[in-house]
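Everything below concerns the one structure shown next.
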Amino acid sequence: MNRNELLARAAELADLLVQAPEIARYRQAEAAMNRNPAAVSKIRRLRELQEQVGEFMARGVPEVHYRHLGQEIESLFAELEKIPEVREFMDAQSAVNDLLQDVTGCLAKAVTEPPDLTDSPRTRTDD
């Protein structure tokens, strides 16, 4: 199998994943969350604060000068977790992550473990 064939099969796997119930739930939860103005506003503010903290860290600014931003971030997280649409999105996101980790684990196992030649399509004669 050449690289292009492998990538075509990967695209098929992606198509299968998109059909998984976890993905449907994730997309529905994301849409619901994005329709909630309070959630959207808090998420926007959270991202702004995280970006500011990242800039301070990248410039080597001592934490004492931006510690208050971290406290505001924690407060926003607590507020976001109280919004049902955000909680559902986080749960759905966790389910998608679990699914992707399972798929990645299967792929990693196939690459790292020696093949079982007793059930290999190349050695079977019953085809």
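Kindly provide the set of residues from region 21-57 that are touching a residue at least 40 places away in the same chain (Cβ under 8 Å) and exposed (fewer than 15 other Cβ atoms within 10 Å of the Cβ), ordered by number. Those that are touching a residue at least 40 places away in the same chain (Cβ under 8 Å) and exposed (fewer than 15 other Cβ atoms within 10 Å of the Cβ): GLN28, ARG35, ALA38. For beta carbons closer than 7 Å, sequence separation of 6+ or different chains, a first residue in region 87-109 that is within 15 Å of LEU17 (Cα to Cα) and part of a helix (DSSP H, G or I) and a second that is among the aromatic types (Phe, Trp, Tyr) and at pLDDT 95 or above, the qualifying pairs are ALA92/TYR26; GLN93/TYR26; VAL96/TYR26.
The values are calculated or read from the model by the stated rules, or taken from the named source; none is laboratory data. In this text, all values refer to a predicted model and were calculated from it rather than measured experimentally. All Cβ positions, glycine included, derive from the backbone under ideal geometry; neighbour counts span all protein chains shown.
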